[in-house]
Amino acid sequence: MADETERHLRERLSRLRSLPLLRGSRLSGEMERLQKQLERIQKEREEPSGDEIWRDVELARHSQRLYTLDYIERLFEDWIELHGDRARAEDPALVTGLGRFNGRTVAIIGQQKGRDINERTKRNFGMPHPEGYRKGMRIMEIAQRHDFPLVTFLDSPGAYPGVAAEQHGQGGAIARSQALMARLTVPSIACVIGEGNSGGAIAIGLVDRVLMQEHAIYSVITPEGCAAILWRDAGEARKAAAAFKPDAVHCLELGVIDEIVKEPTGGAHLNPDEAARFLGEALGKSLEELTAIPGEELRQQRRDRYRRIGIYSARAPEPALQPGS
């Protein structure tokens, strides 16, 4: 149907252009209208459809998709995991530590889901508590003190919304984590490797460079959460995903990520080593570029970047006409 419509529009536009003279603005306006319709059809064809977006949602949540520790095993040497927030508890949902990447020590923070029901329960399905974010901030401070680049892996349905988490200061922990990341003078890179949802992701995502895998998703809310708010039915998640477009193509278009990292055909889970190689190449390139920039300049660029995101302008209302004007 779209092809037939496009052909019809092109034929009409061609006939109008073949006229010897343009007779007034009415004919010019008709040509402009037809051209805009053609451009809209072409854009819709190039953009991912709702089904393609939902496929990315499903691939981002695939049970065999690589998690943070899978990438650490394949990309980093001399990995040493660090535990605890030095205040209250250890949170297994957030993995932190130090490792070597291309011969250089880096600090690593990443959300970790589980493979089976026991590990998923232990790691709270990748949903950190405030203790996890405080642990992450401890690693950020180590990175700042020793001039280690910071690499984060985003893969969470969101920060844990339970009563205990709220009692322990979940919102404040997320805010303080972002504030600390905004002050860092070391290079920082975030890799969206699965679900990058809500404040749970952005708490460790305020960085200089955001890399996003081809079939990952990145958004302020899960499709189910959005559907529950808009239609009071989490079953409308597919419709919600098609509306707010959390896939990599649209995130790049919005400017919230910097690069889409290729995945093996069919998804990262079908060829883990190749998926890790693709991500490692993109990570190495970004790290090399960022380490060439002075720390104070990095910090200023990072702050400017996030101040620009979400800026909008509205035209001032027309002044009311006075009687007799």
Only one of (1) in contact with a Lys or Arg (Cβ under 8 Å, 6 or more places away or on another chain); (2) open to solvent by less than 10 Å² (accessible area, probe 1.4 Å); (3) within 24 Å of D247 (Cβ to Cβ); (4) part of a helix (DSSP H, G or I) does not apply to Y133, and that is (3)
In the set M181, M140, the lone residue that is under 18 Å from the mean Cα position of the chain (by Cα), in a helix (DSSP H, G or I), of a type outside the set (F, W, Y) and surrounded by 22 or more Cβ atoms within 10 Å (Cβ to Cβ) is M181
Screening F125, F148 for residues that are open to solvent by 10 Å² or more (accessible area, probe 1.4 Å), touching a residue at least 12 places away in the same chain (Cβ under 8 Å), at positive phi and not in a strand (DSSP E or B) leaves only F125
Does D85 meet the test of being of a type in the set (D, E), open to solvent by less than 60 Å² (accessible area, probe 1.4 Å), over 20 Å from S198 (Cα atoms) and touching a helix residue (DSSP H, G or I) at 6+ places or on another chain (Cβ under 6 Å)? yes
In region 238-266, anything out of contact with any strand residue (DSSP E or B) (no Cβ under 9 Å at 6 or more places or on another chain) and either in contact (Cβ under 8 Å) with a residue 60 or more places away in the chain or on the phi > 0 side of the Ramachandran plot (or both) is listed as R238, K239, A242, H250, G255, G266
Residue check, E274 surrounded by fewer than 15 Cβ atoms within 10 Å (Cβ to Cβ) and more than 23 Å from L69 (Cβ to Cβ): no
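The values are calculated or read from the model by the stated rules, or taken from the named source; none is laboratory data. This is a predicted model, so every value here is computed, not measured. FYI the Cβ positions are ideal-geometry reconstructions off the backbone, even for glycines, and counts take in every protein chain you see. Surface areas here come from the heavy atoms of the whole protein model, side chains and all, with no ligands, DNA or RNA. Shrake-Rupley method; radii C 1.70, N 1.55, O 1.52, S 1.80 Å.
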